[in-house]
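Some notes on the structure that comes next.
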Amino acid sequence: MTHRRLPPSFYKRDALVVAPALLGQHIVHGGVTLRITEVEAYRWPDSACHGRHGRTPRNESLWGEPGYAYVYVCYGMHQMLNVVTWRAGVPNAVLVRACEPVTGLATIRRRRGGRSGPVLLNGPGKVGAALKIDKTIDGACLFDAGGIEMHRAPRPDAMLVGARVGIDFAAAGDVAAPWRFADADSDWVSHRRSFKRRLP
C-alpha cells in the first residue's frame, strides 16, 4: 500500500476531532512504522492539559503551529509523543497512547527489551521507546518528508470511547471527560476494560 503524509489541514482542527481521526494512521520514524490504536485529547482550558499553567520553556511546542510534535518526559524517563492541533497560541494536542507494529518488529522488540505481543506498545512511553523518540523530536514537523512522519491509512471500523488515564490531579469533570479513543478491534490497546462505549 502506498501511504501519503497527512496534510497540514488535517491538524488544524480541535483535538477532540483530530484524536479519533488519528486512529489507524501510521507513524514513521527511527526505522519502524506503527499504526495508531489509542489516543487521548487535551485542549484548553482542560485542567489536565500541560498548558493549564501557561506557556513555559518545557511546553513551548504545545503552543505552536498544528501538525508539529510536542514531546515531554514523564517520570524522567518516558518520552511521550503528542500531536499539536487546532491553532498556534492555544494549547491543543493529542497524546499517542498505544500502537501496533507495521514494519520493523525486530527493531521494536530490541528497543523494548525483547518483549512480544501488545505489551510492546500499549502505553505512551512504550510507543516513544519503540519509535526512538527523544527531546530532539520536540517541535518537529509531522507533515514534511525526512523526519518523523504521519501517514494516511484506513480508519478502524469501530472505536472505543472512555475517560483518560493517569490524570487524577485534574478537576473532576475533566477526569471523567470521554476524551480517550481506541480501535475497538485491536488487541494493542491499554486499559481496555475502562472504556465505556463502542461506536461504529
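For region 157-173, how many residues meet the condition of being in contact (Cβ under 8 Å) with a residue 60 or more places away in the chain and part of a loop (DSSP other than H, G, I, E, B)?
Qualifying residue count for the region: 6.
What number of residues in region 82-92 are more than 9 Å from P66 (Cβ to Cβ) and not β-branched (V, I, T)? Spell out the reasoning first.
Of the residues in region 82-92, the ones more than 9 Å from P66 (Cβ to Cβ) are 82, 89-91.
Now narrow it down to the ones that are not β-branched (V, I, T): 82, 89, 91.
The number of residues fulfilling the criteria is 3.
Give the residues of region 18-45 that are touching a Phe, Trp or Tyr at 6+ places or on another chain (Cβ under 8 Å) and more than 30 Å from T107 (Cβ to Cβ), sorted by residue number.
Result: R43, single match.
Looking at (1) out of contact with any helix residue (DSSP H, G or I) (no Cβ under 8 Å at 6 or more places or on another chain); (2) of a type outside the set (G, A, S); (3) crowded, with 18+ Cβ neighbours inside 10 Å, find the lone condition where E65 falls short.
(3)
Looking only at region 117-139, count how many residues are assigned to a loop (DSSP other than H, G, I, E, B) and hydrophobic (A, V, I, L, M, F, W, C).
So the count comes out to 3.
If the requirement is being assigned to a loop (DSSP other than H, G, I, E, B) and either in contact (Cβ under 8 Å) with a residue 60 or more places away in the chain or surrounded by 22 or more Cβ atoms within 10 Å (Cβ to Cβ) (or both), which of these qualifies: P178, P154?
On the way: P178 fails: either in contact (Cβ under 8 Å) with a residue 60 or more places away in the chain or surrounded by 22 or more Cβ atoms within 10 Å (Cβ to Cβ) (or both).
That would be P154, the only listed residue that is assigned to a loop (DSSP other than H, G, I, E, B) and either in contact (Cβ under 8 Å) with a residue 60 or more places away in the chain or surrounded by 22 or more Cβ atoms within 10 Å (Cβ to Cβ) (or both).
Would a scan of region 93-101 turn up a residue that is farther than 18 Å from R5 by Cα and of a type in the set (K, R)?
Yes - at least one qualifying residue is present in region 93-101.
Filter region 143-200 down to the residues that are among the charged types (D, E, K, R) and more than 19 Å from V83 (Cβ to Cβ) and list them by number.
Within region 143-200, D157, D168, D174, D185, D187, R192, R193, K196, R197, R198 meet the criteria.
Which condition number does R155 fail, the rest of (1) modelled with pLDDT of 95 or more; (2) out of contact with any strand residue (DSSP E or B) (no Cβ under 8 Å at 6 or more places or on another chain); (3) over 26 Å from R4 (Cβ atoms) being met?
(3)
Does V90 fit the bill of being surrounded by fewer than 18 Cβ atoms within 10 Å (Cβ to Cβ), more than 19 Å from G146 (Cβ to Cβ) and of a type in the set (V, I, T)? It would help to see each step written out before you state the result.
Values: surrounded by fewer than 18 Cβ atoms within 10 Å (Cβ to Cβ): yes; more than 19 Å from G146 (Cβ to Cβ): yes; of a type in the set (V, I, T): yes.
When the stated conditions are applied, V90 passes them.
Got at least one residue in region 140-149 being part of a strand (DSSP E or B), closer than 28 Å to W44 by Cα and modelled with pLDDT of 95 or more?
yes
For region 32-43, state whether one or more residues are among the β-branched types (V, I, T), surrounded by 15 or more Cβ atoms within 10 Å (Cβ to Cβ) and within 17 Å of V90 (Cβ to Cβ).
No; the residues of region 32-43 include none that is among the β-branched types (V, I, T), surrounded by 15 or more Cβ atoms within 10 Å (Cβ to Cβ) and within 17 Å of V90 (Cβ to Cβ).
Looking at region 116-151, which of the residues that are in contact with a Ser or Thr (Cβ under 6 Å, 6 or more places away or on another chain) and of a type outside the set (S, T, N, Q) is surrounded by the fewest Cβ atoms within 10 Å (Cβ to Cβ)?
If we filter region 116-151 for residues that are in contact with a Ser or Thr (Cβ under 6 Å, 6 or more places away or on another chain), which is where we start, we get 122-123, 138-139.
Add one more test, that the residue is of a type outside the set (S, T, N, Q), and what stays is 123, 138-139.
Details: G123: 20, D138: 22, G139: 16.
Going through the qualifying residues, I end up with G139.
The values are calculated or read from the model by the stated rules, or taken from the named source; none is laboratory data. Please read these numbers as outputs of a predicted model, since none were measured by experiment. Cβ atoms come from the backbone with ideal geometry, glycine included; neighbour counts cover every protein chain shown.
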